[in-house]
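Below is one structure; the comments refer to it alone.
The values are calculated or read from the model by the stated rules, or taken from the named source; none is laboratory data. Because the structure is a prediction, the values reported are computed rather than measured. Using ideal geometry, Cβ is built from the backbone for each residue, glycine included, and neighbour counts are taken over all protein chains shown.
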Amino acid sequence: MKISNEVQYALKNNIPVVALESTIISHGMPYPKNVETALLVEKTIRDNGAIPATIGIIDGEAIVGMNPEEIEEFGKRKGIKKVSRRDLPIVYAKKLWGATTVAATMILAAQAGIEIFVTGGIGGAHRKANETFDISADLEELGKTNVSVVSAGVKAILDLKLTLEILETKGVPVLSYQTDEFADFYTRHSGIKMENVVNTPLEVAQIIKAKRGNHLDGGVLIANPIPEEDEMDPTIINNAIEVALANAEKDGISGKDITPYLLKTIVELTNGDSLESNIKLVLNNAKLGAKIAKELTRL
Ligand code: PSU
Ligand code: MN
């Protein structure tokens, strides 16, 4: 893999580094907002004292720490594959471009030696997963790979309770940041009460360190709710989700295409409001992720 000089230097010198994914750029948001957001997320991480490492695959080579031109290319190039764990060997062998999901980004971050990763919202169990078996590989990865993920809870398009059950089974600690209610991406209120509330980046870092130090492989999920001022109206977003889910069924969308399809449809149905919320919550996660990474380097 190719690790940028800046990221290599930071890792060698105990300077905090935060990993970032590229599926959110290539398949999660429309151009040019996707690129603007990715660059702003990097800036936010820098402003909060850490070095960003955006991760993806170019011509079969894993890149840890993309430059702005590469980020721009991931934002606008057509036909970049969405790459999860199962897709990695194919993209490597065929020398393709790959936008890495949470699962694949965790793998590459771990290989590079990065412990903290910021995204918008991890994948999880889709609604009706009991029939479709559509459960994101992100959950499996959190169960075994030593990278912790800051996420605005779980995307509301999913089955949140089922997702939390699976995370429990996989042994993934879920820490709810400064609230006892699980965040559901576009709003702060899923109605699901959480057992483990954390209030500071230091607390999170201490738990990550305790996990690592006691040989408990796998990541920690930090559920960081969207700021109040950026939340969506619950009625509007829930209606949009219902319509998007119905459209997906009508259009026969399934498998890896479902998450990008739903996100895109919801943006259209809310006239772009859901995209604005999505951007705000990622930036909010970037701030927290950088602070956690900073605390970790001090422990
Ligand atoms: N968070 C966002 N937008 C996204 C994603 C996360 O705000 O597009 C992506 C992540 O890459 C995550 C993926 O891993 O959605 C989940 O896809 P799936 O459900 O197919 O596992
Ligand atoms: Mn899936």
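Before moving on, here are some points about what is shown:
- Region 1-23, residues that are surrounded by 15 or more Cβ atoms within 10 Å (Cβ to Cβ) and of a type in the set (Ser, Thr, Tyr): Ser4, Ser22, Thr23
Yes/no matrix, rows are residues, columns are (1) away from ligand 2 (no atom under 16 Å from the Cβ); (2) more than 25 Å from Ser22 (Cβ to Cβ); (3) touching a Cys at 6+ places or on another chain (Cβ under 8 Å):
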residue	(1), (2), (3)
Asn199	yes, yes, no
Ile237	yes, yes, no
Leu245	no, yes, no
Ala248	no, no, no
Asn285	yes, no, no
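- When region 1-23 is filtered for residues that are in contact with a strand residue (DSSP E or B) (Cβ under 7 Å, 6 or more places away or on another chain), away from ligand 2 (no atom under 16 Å from the Cβ) and assigned to a helix (DSSP H, G or I), the ones remaining, listed by number, are Glu6, Val7, Ala10, Leu11.
- Residue in region 259-282 that is in contact with a strand residue (DSSP E or B) (Cβ under 9 Å, 6 or more places away or on another chain) and charged (D, E, K, R) present: no
- In summary, Tyr92 fulfils each of the numbered conditions (1) in a helix (DSSP H, G or I); (2) of a type in the set (Phe, Trp, Tyr); (3) within 13 Å of ligand 1 (Cβ to nearest atom) with the single exception of condition (3).
Condition check ((1) part of a helix (DSSP H, G or I); (2) surrounded by 24 or more Cβ atoms within 10 Å (Cβ to Cβ)) across all residues:
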site: Ile25; (1), (2): yes, yes
site: Met29; (1), (2): no, yes
site: Glu36; (1), (2): yes, no
site: Leu40; (1), (2): yes, no
site: Thr44; (1), (2): yes, no
site: Gly49; (1), (2): no, no
site: Ala53; (1), (2): no, yes
site: Ala62; (1), (2): no, no
site: Met66; (1), (2): no, yes
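To keep it simple, each residue is scored yes or no on (1) more than 24 Å from Lys78 (Cβ to Cβ); (2) in contact (Cβ under 8 Å) with a residue 24 or more places away in the chain.
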{"site": "Pro89", "(1), (2)": "no, no"}
{"site": "Lys95", "(1), (2)": "no, yes"}
{"site": "Thr101", "(1), (2)": "no, yes"}
{"site": "Ile107", "(1), (2)": "yes, yes"}
{"site": "Ala110", "(1), (2)": "yes, yes"}
{"site": "Val118", "(1), (2)": "yes, yes"}
{"site": "Ile122", "(1), (2)": "yes, yes"}
{"site": "Ala125", "(1), (2)": "yes, yes"}
{"site": "Phe133", "(1), (2)": "yes, no"}
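- Whichever residue in region 105-143 is within 8 Å of ligand 1 (Cβ to nearest atom) and among the small types (Gly, Ala, Ser) and, among such residues, is surrounded by the fewest Cβ atoms within 10 Å (Cβ to Cβ): Ala137
- Identity of the residue in region 216-232, in a loop (DSSP other than H, G, I, E, B) and either within 16 Å of ligand 2 (Cβ to nearest atom) or aliphatic (A, V, I, L, M) (or both), that ends up nearest to Gln206 (Cα to Cα): Val220
- Of all residues assigned to region 33-45, none qualifies as being at positive phi and acidic (Asp, Glu).
- Of residues in region 109-127 being over 21 Å from Val282 (Cα atoms) and part of a loop (DSSP other than H, G, I, E, B), the one farthest from ligand 2 (Cβ to nearest atom): Gly113
- With respect to the stated conditions, Glu141 is at pLDDT 95 or above and in a helix (DSSP H, G or I).
- Region 53-71: number of residues that are more than 16 Å from ligand 1 (Cβ to nearest atom) and either at positive phi or not hydrophobic (A, V, I, L, M, F, W, C) (or both): 8
- Residue in region 97-107 that is in a helix (DSSP H, G or I), of a type outside the set (Gly, Ala, Ser), in contact with a strand residue (DSSP E or B) (Cβ under 7 Å, 6 or more places away or on another chain) and farther than 24 Å from Glu295 by Cβ present: no
- Only helices (runs of 4 or more DSSP H) whose full extent lies in region 233-299 are considered here, and the ones with at least 3 residues that are at negative phi, within 16 Å of ligand 1 (Cβ to nearest atom) and under 19 Å from the mean Cα position of the chain (by Cα) are 258-269, 273-298.
- Selection of region 144-184 for residues being of a type in the set (Gly, Ala, Ser) and buried (at least 22 other Cβ atoms within 10 Å of the Cβ) yields Ser148, Ser151, Ala152, Gly153, Ala156, Ser176, Ala183.
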